[in-house]
Amino acid sequence: MKQNTAKTLCVIGGGASGLACAIEAARCGFAVTILEHTDRIGKKILMTGNGKCNFTNRLMNEEQYYTDEIPFLRKVLAQFGTDELLAFFDSLHLCYKEKNGYFYPVSNQAASVLDVLRFELLKRDVQIVTSTVVTDILEKGDYTEVYTKNQTYVFDVVVLACGGKAYAVTGSDGSGYQLCKKLGLKQNPPSEALVALKSSETYFKVVAGVRTDAEVSVWVDGQCMGTEMGELQITDYGISGIPVFQLSRIVSVTLLHNANASVYAQVDLFPALSKQALLQHMQERIRENAMLQIQDALSGFLNKKLNTLMLKHAHVSPAMQAGDIKVQSIHQMVQFCKKWHIPITGTNDFSKCQVCAGGVWLSELTQGFACKKHPNVYVIGELTDVDGKCGGYNLHYAFASGILAARDAARRHI
């Protein structure tokens, strides 16, 4: 491919999708400028995977994502799957490892991922302008003007990589949605994803801090909308943990469109046992420890805090002698263990969620992420209406969309 540095490309936003796009565009021959409105690039990358940066997954398919345009996403992943992203990071000399299908930097530090990206930007002479807020974009024939508070820039290609509203302290303040609105792009409203759920129950303050493996399902108006397994984390306001995160966008999107919907979580604390098997186990335990107080007879059954909560749900005093427990109460305790019913009132807000659902409709874009209405403007990453489950899927999509957009721009301009 002929290199032509006369062609200019601007990336608005210095997050994962924007940095990948800038690198690939520079490799293709563009003179690239990144406009970032915070004081430095890549802040959100440093927070991913609890600072360990799980950046992709061996299991990569459309079933790991939520979007209204599955065929579009399927083609994206077919063009740029796990092997392609690993090859990209190989070219950056990142040392990474695979653990149960999840890929991390060997250092277990997200800073390692950001560093190799930054070094490549430096190597490719990408201009990085920080603390610069873009206020408007205006396409004028073969070039596009980008307006900031202090200056007007002119570029051949502009890529919107502004992120959503998750973790606003990292720079994702939702400003990209406004820019897309000015361009006339149709969008689904943003809502929280990969976030903890809140409940109206007051007993959570007593059991806060408990972690336990469980099966969690979310129900909306009496219909099960999804089920996940993993480590459940109990907070003072509700429930959290990976299985909850995986289901949370169902709750946020539901309540965004219908605030009066009946939403609850159902938790199975013994997913490996049938209800009958658990009942038999509890009856034997109680029978063999009939002379002990029930709180002692059930010691080690569940976390002590959960044992107490289970007894409370069954209206049984912890000090009651085990042999005096009624059959009905034993059934109630088993019912709690297998179908702990938790009314859900909402999610934590954008400041505490990892990802945003919603964004620009993929039907507004070409398969190369160019706007159909504005061919020299691209929209990538979290700003589009795609959000993934936990497991490196959101970072993978961010990197993939950025790189594919850069390649598409190069095919058309260089």
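The numbers here are math on the coordinates, done by the rules we state, and not lab data. Remember, it's a predicted structure, so these values are computed and weren't measured experimentally. As a convention, Cβ positions derive from the backbone with ideal geometry for all residues, glycine included, and neighbour counts pool all protein chains shown.
Could you rank the peptides 311-323, 164-176 by their average count of other C-beta atoms within 10 Å per residue, with the highest value first?
The packing order, highest mean first, is 164-176, 311-323.
The Cβ shell under 15 Å around N188 holds other residues with a net charge of -3, Lys and Arg each +1, Asp and Glu each -1. Counted by Cβ distance under 10 Å from E382, the other residues give a net charge of 0, where Lys and Arg count +1 and Asp and Glu count -1. Using θ = phi - 60° in the Karplus curve 6.51 cos²θ - 1.76 cosθ + 1.60, the 3J(HN,Hα) couplings for the stretch 35-49 round to 10, 10, 8, 9, 7, 7, 8, x, 4, 5, 4, 5, 9, 6, x Hz; x is entered for Gly and Pro. Can you tell me which aspartates and glutamates have their Cα less than 18 Å from the Cα of K43? Leave out same-chain residues fewer than eight positions away. Partners found: D115, E120, D173, E382.
In the chain, helices alone account for a calculated mean residue ellipticity at 222 nm of -10000 deg cm²/dmol, with every DSSP H run of four or more residues adding -39,500 (n - 2.57). Working note: Cα gyration tensor of the stretch 75-214, eigenvalues times five, square-rooted, sorted largest first, giving semi-axes of 34, 27, 16 Å.
Relative protection proxy for 392-400, 122-130, 340-348, from highest mean packing down: 392-400, 340-348, 122-130 (other beta-carbon atoms within 10 angstrom). Applied to the stretch 52-60, the Karplus parametrisation 6.51 cos²θ - 1.76 cosθ + 1.60 on θ = phi - 60° returns per-residue 3J(HN,Hα) values of 9, 6, 6, 9, 6, 9, 4, 7, 10 Hz, with x for Gly and Pro. Taking every Cα-Cα distance in the stretch 196-347 and sorting them into 5 Å bins starting at zero, the pair-distance distribution P(r) comes out as 2, 10, 19, 22, 17, 14, 9, 5, 2, 1, 0 percent. Set against the 2.2 N^0.38 Å expectation for a compact globular protein, the chain has a Cα radius of gyration ratio of 1.16.
Nearest 10 degrees is fine. How inclined is helix 70-79 to the longest principal axis of the chain, computing both from alpha carbons? Helix 70-79 sits roughly 70 degrees off the main axis of the chain.
A314: net charge of surrounding residues, Cβ under 14 Å, Lys/Arg +1, Asp/Glu -1, itself excluded? Each step should come with its number before you reach the end.
Working: positive: K312, K326, K338, K339; negative: D324.
Net charge in that neighbourhood comes out at +3.
Could you order peptides 238-250, 373-385 by the average number of other Cβ atoms within 10 Å of their residues, highest first?
373-385, 238-250
Helix 16-28 axis versus longest C-alpha principal axis of the chain: approximately 30°, rounded to the nearest ten. Can you give me the angle between helix 275-288 and the longest principal axis of the chain, using Cα atoms only, in degrees from 0 to 90, rounded to the nearest 10? Tilt relative to the chain: about 40 degrees.
Between G241 and Q233, the built amide H atoms are under 5 Å apart, and every one of these is 5 or more places off in sequence or on another chain. Scalar couplings 3J(HN,Hα) for the stretch 346-352, obtained by applying the Karplus form with A = 6.51, B = -1.76, C = 1.60 to θ = phi - 60°, are x, 10, 5, 7, 4, 5, 10 Hz; x denotes Gly and Pro.
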